Amino acid sequence: ADIEHFSEQTRSSAPNSGRNSRINLLSPVSKNQALRPHSMWDEKMERDLDDLTEKMVNSFKGHDTEEEENINNSKTDFGSCEACQKEIKDKSVIADGKKFHPECFKCEVCQTKLLDKYYIVDGKYYCEEHKKIGLTSCHECGEKIEGTIITSNQNKFHPHCFVCSTCSKPLDGKYYTTAEGHNMCEKCYKNSRERCDHCTLPIMNQILTALDKKYHPDCFRCALCDIQLDGIPFILDEKCINCRDCYVKFKATQCFVCSQGIVSSPGQKIAMVTCEGRNYHEQCFTCVSCGCGLSDSGFRSVRNSVFCANCSTPNKIKLVYNNKNKLVS
């Protein structure tokens, strides 16, 4: 199950910013700087003092100096307020990674400024009093969920409400959801499932129905070649299930003429003709002399051969058997 957390957060404020300027009147001589003659040093110091005096006079007159420009450029950029989209110039409140004017950071319901403690529900901010308005209701008990949320099939639950619909034990591991929307633990779900007619184990996923019985698709197999029969033509022989090929080859009644099994095909019904204990395909039951079909006409059986009425004369019968003897010899 997906688990969501509802956490209490505390806002943070950006520190006040300001700027300080400092003018160093004289800089000490560095260790690497060579000492100059006294007269040259006096001239340099006078020039530095003149430049410094000019800058101070200009600053009193309101003129911009290079130092003032650098200070102005160092102002902190607070960005824009998430609520009003206006620029934040001094103070800001940071909540959930977003910035607000302090006066814009308000409760979604009562519009009271959020000072110390606030709650975030689905991206909206609430005070202590109205935090439950934005909370999700439990699918089982209907009460608001203030702490951990368990999500199952887009429904929200308290952890203690997310239990098996049969045994009422907490669903803290593997569970199943029925077509009716009931959540069940693995044990109860297995007990509720239909059992395979072949292996007798519960069918957890796909069910194959054949001959008014239920099977695992992998358990529905030919009893002779063990091929899986899902989507393959099969034939029931007493209590055994066989694929069509195995049944035709090993179990079906054999035709006296072609020695093939006499079995109907899907969409095609095959008739069987029986004569003096011999079995024929309807298309194989023909006159041995002229080859005409005999299923709808009179015939004569002579020594395991059948003749039509026109060919059943003694001379034609003798001719047929003489030709057979020649072939054998």
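Of note:
- Filtered GluC sites (Glu not before Pro), region 119-155: DSSP coil and at most 15 other beta carbons within 10 Å: GLU128, GLU129, GLU143, GLU146
- Note on PHE299: accessible area is roughly 90 Å² with a 1.4 Å probe, heavy atoms of protein only.
- Scattering profile of region 202-292 at q = 0.12, 0.15, 0.19 Å⁻¹ [log10 I(q)/I(0), Debye over alpha-carbon scatterers]: -0.49, -0.67, -0.90
- Ligands, DNA and RNA left out, the accessible area of region 237-316 computed with a 1.4 Å probe is 47% carbon and sulfur.
- Looking at region 218-275, the trypsin sites (Lys or Arg not before Pro) that sit in a DSSP loop and have at most 11 other Cβ atoms within 10 Å of their own Cβ are LYS239, LYS269.
- The residues VAL288, VAL306, sorted by heavy-atom accessible surface at 1.4 Å with ligands and nucleic acids left out, run VAL288, VAL306 from largest to smallest.
- Cα Rg over Rh - region 103-166, Kirkwood: 1.10
- Ordered from largest to smallest accessible area (heavy atoms of protein chains, 1.4 Å probe), the residues HIS182, HIS160 come out as HIS160, HIS182.
- At the residue level, HIS139 shows approximately 110 square angstrom of accessible surface with a 1.4 angstrom probe and all protein chains present.
- Taking label points 7 Å from Cα along the Cα-to-Cβ direction, MET204 and ASP50 give a separation of 9.6 nm.
- Exposure ranking of MET272, MET204, MET184 by accessible area [1.4 Å probe, largest first]: MET272, MET204, MET184
- Tail beyond 16 Å, pair distance distribution of region 129-178 (Cα, percent): 39 percent
The values are calculated or read from the model by the stated rules, or taken from the named source; none is laboratory data. Since the model is a prediction, treat every value here as computed from it, not as a measurement. Ideal geometry is used to build each Cβ from the backbone, glycine not excepted, and the neighbour counts take in all protein chains shown. Just the protein is used for accessible areas: all its heavy atoms, side chains included, with ligands, DNA and RNA removed. Shrake-Rupley method; radii C 1.70, N 1.55, O 1.52, S 1.80 Å.
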